[in-house]
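Written below as structure tokens is the structure these notes are about.
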Amino acid sequence: MPSYGPEVLGPPPRDPEQKYWDPEIQTMEPEKMRALQNERLGTLLRKIFDNPVPLFKDKLVAAGIGGPEDVKTVDDLQHVPLTVKQDLRDSEAADPPFGQYRFTDPRAAVRIGTSTGTTGNPTISLWTRRDIWIEYESSARTWWRYGYRPGMIATHAHPAYLYGGGPMLSGSYEYFGMLNIWVPPPDTDEAAEQGLRFWTRVKPDIPFMGFSTGRFFEVAAKLGIDPKDAGLEFKGMPGFGMGKGMPLMTAGAECYAYVGGACGQLPGAHINEDWGVVQAVDPATGEEVADGEWGDLVVTTLDRDNGLLRYDLEEACAILREPCPCGETSIRGLWGGRFKDLIAVQGTRFQANEVESALRGVPDVTEPTLEWQMVRPVDETRPVTVRVERGSGAPADDAEVARKCAAALRDRLGIDTVIEVLDRETIPRSGYKAARVVDE
Ligand SMILES: [Zn+2]
């Protein structure tokens, strides 16, 4: 590897036919991987006590862990207290602006960002060059699994500026060697049009826009742009059917954005175990739950300049360990959503995205895009109010549309609903994640 020059901005080239981005790591024997994790965990613990990193050190000492030698292996992690987002927030508030949980001087970092902060004050994330490199390498394993290759044209519409997600995705595509078209998030029709018009000039091979994809289809229909002319013919990740879980697993920008990616052969995402210990934990006991059962997603990052120890994302995760026919040897993780987003009503619990999946089965409301909203239930015994915009081909009779939606939701979730059918563009649009559950 060159130590200076343009080559240092990217990885050494690979044979496009090779099966894995990083064969040595991705097919490493589990015992050898565990030894690597233990070694890197030791380094993390020594830094916590030696630097020191007060937030983590104080927690360890309070739990009777007097030094790095008390946490020798991944198995010892069960005795290490969990840290949640509120701990980071409190630390930043008590000792502004960065708190007492950083491993490096903030000026040793080159990038700064904040979490989206949908609930509470956003926390500050810092990345050194090494931390960014680990994210880029981690994402490269996933892009390679999807069949992406250097030389392709990728596009996205991630939010930018203080939110760290956009620069991370753009940087990861460029590092991988793809031509990266970063268009503005479609917050307004004008912003969406900018992206659409550009894609009609330079067509992306990979038009994956995540949450905002529907918005572009909607605006394209208004402007009379054929989505095909803008390269928007995305039919899902190659090989990823429904029910196999999310193709990409994330532990948030503040912890580990590209913690794992799915191969599509077995459910779940292959975890980058060399750079993180990912556990499904019962928060009451600190112990891992049985394989395949839901626990809290808890991540300990490894080998970074700025790490997190036993970070509990307060999201649902399950771990799967059966060997995967794809040949990768890592454990796999399933992501089950944020516990905070779980809706409990009429004796059942579900995620908002399950409402969306159910409504997708009703063609009267899905064209050109499905737009819906539900009111967070206050009385658990009452029917849930769900609003949905009339689709372009819907019958004139709203009652019929409502009846179909209610039946789909009863079928899928076993709940009673009151459906309000609305005109198009009644529900507020968002360029990133639309608010689907509202408090009234
Ligand atoms: Zn696999």
key: Residue list for the stretch 193-210, restricted to those being in a helix (DSSP H, G or I) and at pLDDT 95 or above   = Glu193, Gln194, Gly195, Leu196, Arg197, Phe198, Trp199, Thr200, Arg201
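Which ones in the stretch 407-419 are part of a helix (DSSP H, G or I) and either touching a residue at least 60 places away in the same chain (Cβ under 8 Å) or surrounded by fewer than 13 Cβ atoms within 10 Å (Cβ to Cβ) (or both)?
The answer is Asp411, Leu413.
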query = on the phi > 0 side of the Ramachandran plot and either assigned to a helix (DSSP H, G or I) or modelled with pLDDT of 95 or more (or both): does that describe Gly42?
reply = no
query = Quick one: in the stretch 259-274, which of the residues that are closer than 8 Å to Arg332 by Cα and touching a Ser or Thr at 6+ places or on another chain (Cβ under 6 Å) is nearest to the ligand (Cβ to nearest atom)?
reply = His270
inquiry  = I need the full set of residues from the stretch 134-169 which are in a helix (DSSP H, G or I) and without any contact (Cβ under 8 Å) to a residue 40 or more places away in the chain, in order please.
reply    = Gly166, Leu169
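From the residues in the stretch 26-66 that are more than 22 Å from Pro81 (Cβ to Cβ) and in contact (Cβ under 8 Å) with a residue 12 or more places away in the chain, which one is surrounded by the most Cβ atoms within 10 Å (Cβ to Cβ)?
Selected residue: Gln26.
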query = Where residues in the stretch 278-335 are among the aromatic types (Phe, Trp, Tyr) and part of a strand (DSSP E or B), which of them is farthest from the ligand (Cβ to nearest atom)?
reply = Tyr311
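So that you can scan it fast, the table gives a plain yes or no per residue for (1) surrounded by fewer than 19 Cβ atoms within 10 Å (Cβ to Cβ); (2) touching a Ser or Thr at 6+ places or on another chain (Cβ under 6 Å); (3) closer than 18 Å to Gly214 by Cα:
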{"site": "Phe339", "(1), (2), (3)": "yes, no, no"}
{"site": "Arg349", "(1), (2), (3)": "yes, no, no"}
{"site": "Glu367", "(1), (2), (3)": "yes, yes, yes"}
{"site": "Glu371", "(1), (2), (3)": "no, no, yes"}
{"site": "Glu380", "(1), (2), (3)": "yes, no, no"}
{"site": "Ser392", "(1), (2), (3)": "yes, no, yes"}
{"site": "Ala399", "(1), (2), (3)": "yes, no, no"}
{"site": "Cys405", "(1), (2), (3)": "no, no, no"}
inquiry  = I'd like the full set of residues that are part of a loop (DSSP other than H, G, I, E, B) and more than 13 Å from the ligand (Cβ to nearest atom), limited to the stretch 245-258.
reply    = Met246, Gly252, Ala253, Glu254, Cys255
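The values are calculated or read from the model by the stated rules, or taken from the named source; none is laboratory data. As the structure is a prediction and not an experimental result, all values here were calculated from the model. When we count neighbours, we look across all protein chains shown, and the Cβ atoms used for this are built from the backbone with ideal geometry, even at glycine.
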